[in-house]
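**Student:** One structure, as structure tokens, below. Some questions next.
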Amino acid sequence: MRVRVDPLVCEANAVCVGLAPEVFDLNDEDELLILKPDVPAEEQDRVRHAVRSCPKAALTLEE
């Protein structure tokens, strides 16, 4: 599974960071960083939940 962000849509609400901090983070400019674009198996459920919870639908998954 691979996760991507559309930086033009993302508003850095950090919902994903709160749900899966081992995969998502914000930098000092409030830009979303994907720390593990190729999501490890043990983190996939949390990442799916984070993607569904994004208020701007800025995240996508490729499975």
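The values are calculated or read from the model by the stated rules, or taken from the named source; none is laboratory data. Predicted, not measured: the structure shown is a model, and the values here were computed from it. Note that each Cβ is placed from the backbone with ideal geometry, even for glycine, and that neighbours are counted across all protein chains shown. All accessible areas refer to the heavy atoms of the entire protein, side chains included, with ligands and DNA or RNA removed. Shrake-Rupley method; radii C 1.70, N 1.55, O 1.52, S 1.80 Å.
**Student:** Just give me the residues in the range 18-38 being over 10 Å from the mean Cα position of the chain (by Cα) and under 12 Å from Val3 (Cα atoms), in sequence order.
**Tutor:** Asp38, the sole residue that qualifies.
**Student:** Among the numbered criteria (1) surrounded by fewer than 18 Cβ atoms within 10 Å (Cβ to Cβ); (2) in contact with a His (Cβ under 8 Å, 6 or more places away or on another chain), which one does Arg2 miss?
**Tutor:** (2)
**Student:** Looking at the structure I just gave you, is Val51 of a type in the set (A, V, I, L, M) and open to solvent by less than 50 Å² (accessible area, probe 1.4 Å)?
**Tutor:** Working: of a type in the set (A, V, I, L, M): yes; open to solvent by less than 50 Å² (accessible area, probe 1.4 Å): yes.
Judged against the criteria, Val51 is a match.
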